[in-house]
Amino acid sequence: MKYIAALDYDHLDNGVFLTSLARSLSQQQGNSDLRPIIIHSDSEYTERIIQTGVMRDEATVRSIKDLNNRLVALFADEGVSAIGLNPYQRNLMTKQNGTLTLDHSFLDTLPSQSVLLLSTLVQNADEDKIEPLPLPRLATFLFEELQADELFLFSKSDESEIFTNDKSESDLSWDTMDPKFRENQIPDEFNDFSHPVRLATARDFNQLPDLGQTTAINSSKN
């Protein structure tokens, strides 16, 4: 199973969540059938950099770079082999005329047994600068470009009790989702999302490829 999991703004500033996720990824590494791709943007850390007098655009880029390094180190502490990349590096991902492109040949050289950790920083070829993408856009682009099997979001509450065994996979869709569920469980960046996803918790993420403890959210009809 090749999957993409998105680490949203709030979860990236939650040390307990990140440690739990790292432990789950460590347990996954014994399964050669899993190919994890973790993506992330920035966190509250950006605001702390801004408070030192750095402009927001520069602070955002610095924050994302630092987070990528910190996550690799955190994962390593839990025995997870991870390759951290900011996709502007080696022009892995470029944006030109509003269109994203991915250098598949470079990705193919990376060891498949390692977790691939990608930030949202891409190369804007039109303006010759590094630019952060919205996390949902990166998620959908990579899902389609890499022909991934699953896209995971993490519950805002990160409480496994929200998932019940008698819940049909077809019970939830972006169109008909209960507003309270959306408010309490869906990361803020994905409030307007419409792509099929699975909602998971860090604690139960170790059970992949078993999807029993995840909740499927189907795509919008429009």
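The values are calculated or read from the model by the stated rules, or taken from the named source; none is laboratory data. These numbers were taken from a predicted model, which means no experiment stands behind them. Backbone-built Cβ (ideal geometry, glycine too); neighbour counts: all protein chains shown. Surface accessibility is based on the protein's heavy atoms, side chains included, excluding ligands, DNA and RNA. Shrake-Rupley method; radii C 1.70, N 1.55, O 1.52, S 1.80 Å.
Brief remarks follow.
- Build a GNM of the chain with springs between Cα atoms under 10 Å apart, and of P111, P87, P196 the one that fluctuates most is P111.
- Computing FRET efficiency as 1/(1 + (r/R0)^6) for R70 and T101, where r is the C-beta to C-beta distance and R0 is 22 Å, gives about 0.20.
- Tilt relative to the chain, helix 135-145 - C-alpha long axis, 0 to 90 degrees, to 10: 80 degrees
- Where both bridge residues fall in the chain, DSSP classifies roughly 30% of the beta bridges as antiparallel.
- Expressed to the nearest 5 percent, the antiparallel share of DSSP beta bridges inside the range 1-127 is 20 percent.
- With R₀ set to 45 Å, the beta-carbon distance separating E145 from Q51 gives a calculated FRET efficiency near 0.75.
- 222 nm mean residue ellipticity, helices alone, for the chain (DSSP H n ≥ 4; -39,500 (n - 2.57); rounded to 500): -8500 deg cm²/dmol
- Of the chymotrypsin sites (Phe, Trp or Tyr not before Pro) found in the range 69-109, none is in coil by DSSP with at most 14 other Cβ atoms within 10 Å of its Cβ.
- Extension gain for E127 to D77 (0.36 nm times residue separation, less C-alpha to C-alpha distance): 14.2 nm.
- Axis angle, to the nearest 10 degrees, between helix 56-77 and the longest C-alpha principal axis of the chain: 60 degrees.
- Model label sites at N91 and R62, defined 7 Å from Cα along the beta-carbon direction, differ in position by 2.9 nm.
- In the full protein context, the range 1-134 carries 46 Å² of accessible surface per residue, based on a 1.4 Å probe and ignoring ligands, DNA and RNA.
- Taking the centroid of alpha carbons for each part, the range 190-209 and the range 90-138 are 22 Å apart.
- Folded to 0 to 90 degrees: helix 15-28 orientation relative to the chain principal axis, Cα: 80 degrees
- Of the chymotrypsin sites (Phe, Trp or Tyr not before Pro) in the range 182-222, those whose Cβ has at most 15 other Cβ within 10 Å and which sit in DSSP loop: none
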